[in-house]
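The values are calculated or read from the model by the stated rules, or taken from the named source; none is laboratory data. On a predicted model such as this, the values are computed, not experimentally measured, just so you know. Here the Cβ positions follow ideal geometry from the backbone for every residue, glycine too, while neighbour counts run over all protein chains shown. With ligands, DNA and RNA removed, areas are computed over all heavy atoms of the protein, side chains included. Shrake-Rupley method; radii C 1.70, N 1.55, O 1.52, S 1.80 Å.
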Amino acid sequence: MNVTGIIAEYNPFHLGHLHQITYVREKLNSDYIIVAMSGDFVQRGTPALLSKYTRAEAALLCGADLVLELPVQVSSASAEFFAGGAVSLLNGLGVVDQLCFGSEEGTVEGMQLAARILNEEPQGFRDLLKNSLKQGISFPAARSQALGRYLCTLHSLGEKNLSAFSDTLLSSPNNILGIEYCRALLRLHSSIKPATLKREGSGYHDLALKNNQAPSASAVRAFLSEQSGRTPSSDSVKDFSALENMLPAASLQLLKNAFSRQEFLTENDLDLILHYCLTGQTSEELSKYADVSPDLAARIINCLNDYRGFCQFTELLKTKELTHTRIQRALLHILLQIRETPKELSFGRVLGFRKSTSPLLKEIKKRGTIPLVTKPSSSAKTFTADKKKLLDTNTAASNIYESLICHKTGRAFVHEYQKQMILIP
């Protein structure tokens, strides 16, 4: 069998994601598509708009065969650790032939070269990185600048071509993530081959919805945030008409259903609980959480009296050296009590699958080096301490997500262990 892995957030699932699945099925001739998808919290340090089960259902209805969860310790991590954990999950299944990801570049050669340099860190690159850091810019920007200069030196591109080179390969979000995927594959000596397709439609940060053009997930969320303040009713469904050419029909219907029940979360839903988590802590205690440096911890304490909400506090803490997303991740890690990120994942949590994938599941069981978890409550009783800690932290995060939804909607709480996988015929 020919199996392709996809790493995604589907926050929410839109036409660009459908295009990727169609490409994998038709151009890569894949018999099965396995998606490693972020759980209830995502890489930018916020809750996912819709629950992981709703997003898994959208993926399955739109062509995926098996959806596995990236635990919150990985799904909320920086690009390097996000990619490393996700790739280790796919690699541990023992059946994945290629990893397909979207990119602004559209070819893997440049990303693979950049990945080798970042992994090996030759002396020339380290010297350039040191010089870039002296300029006082953030580490991601300094590393991008150093890598661009080093590659230009290797290929004799000259200084005049540096800006254009960096803008295409090194400064685009999907390219950066693609490089991290390639780095992870190299570190693991994986047999999985990277494959990419050029991103089409709106740019990653484009907040505008454009007719007959695949939107960015950010644009969809921005549009929906305008709708979230309205009282849901049968009359308000027409407000989603702007998304009819942006999302596949199945995904759009799931989105409408969730909004009609108020079952969605945004950053604003973290306002009160985050303030509670920050209150009474010392800078020493805060600095123990992932992505919280001593300087950021001290800044949090000093600014706490001016806290008004998650988004406002993020802006208040932002500095030239700390990116907006880095601060959001740090605050989320404090809220969820995440202190470290695993470099590799030791199990795969199944969120849903097609019933026709039994041959795939049998192959994973036979060839995989990590177990698949279908009943977390049962696995928790048999796991080693490290595996159980990973599972327990993720379970607690999902229960917090569920609690926030219940507070918003008034419906009864359902523990993570009681929730059912999504099964599609």
In debye, nearest 20, what is the charge dipole magnitude of the stretch 248-368 about its Cα centre with +1 on Lys and Arg Cβ and -1 on Asp and Glu Cβ, if you could check? 1000
How much length would be gained if the chain were fully extended between GLU315 and ASP386, taking 0.36 nm per residue of separation minus their Cα-Cα distance, in nm to one decimal? 22.0 nm
Given points 7 Å out from each Cα along the Cα-Cβ axis, report the ALA412 to LEU154 separation in nanometres with one decimal. 5.9
Is the stretch 232-383 rounded, prolate or oblate when judged by the Cα gyration tensor, a ≥ b ≥ c being the square roots of its eigenvalues, rounded requiring a/c under 1.5 and prolate requiring a/b larger than b/c? oblate
The lysines whose Cα lies under 19 Å from the Cα of LYS381, excluding any fewer than 8 residues away in the same chain, are LYS389, LYS419
Would you list which aspartates and glutamates come within 14 Å of LYS130, measuring only between C-alpha atoms, while excluding same-chain residues fewer than 8 positions from it? GLU121
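May I ask you to derive the relative contact order of the stretch 286-416, considering only C-alpha pairs under 8 Å and at least 6 residues apart, and to give it as an integer percent?
Normalised by residue count, the contact order of the stretch 286-416 is 19 percent.
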Sorted by chain and then number, the residues having a modelled amide H within less than 5 Å of the amide H of VAL373, at least 5 places away or on another chain, are GLY348, ARG349, VAL350
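For the chain, calculate the relative contact order in percent as a whole number, restricting contacts to Cα pairs under 8 Å that are 6 or more residues apart. Before the final figure, lay out the partial values.
Details: 693 pairs, mean separation 99.7, N = 425.
Value for the chain: 23 percent.
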What figure, in Å² to the nearest 10, do you get for the accessible area of PHE240 with a 1.4 Å probe and non-protein molecules left out? 10
Please tell me which of these pairs span more than 28 angstrom C-alpha to C-alpha: LYS366/LYS387; LYS318/LYS388; LYS288/LYS365? LYS318/LYS388; LYS288/LYS365
Compute the Cα gyration tensor for the stretch 1-96, then decide on rounded, prolate or oblate, letting a ≥ b ≥ c be the square roots of its eigenvalues: rounded whenever a/c is under 1.5, prolate when a/b is larger than b/c in the other cases, and oblate in all that remain. oblate
Using a 1.4 angstrom probe, figure out how much accessible area the chain has per residue, in square angstrom, rounded to the nearest whole. 45
Classify the chain as rounded, prolate or oblate, taking a ≥ b ≥ c as the square roots of the eigenvalues of its Cα gyration tensor: rounded when a/c is under 1.5, otherwise prolate if a/b is larger than b/c and oblate if not. rounded
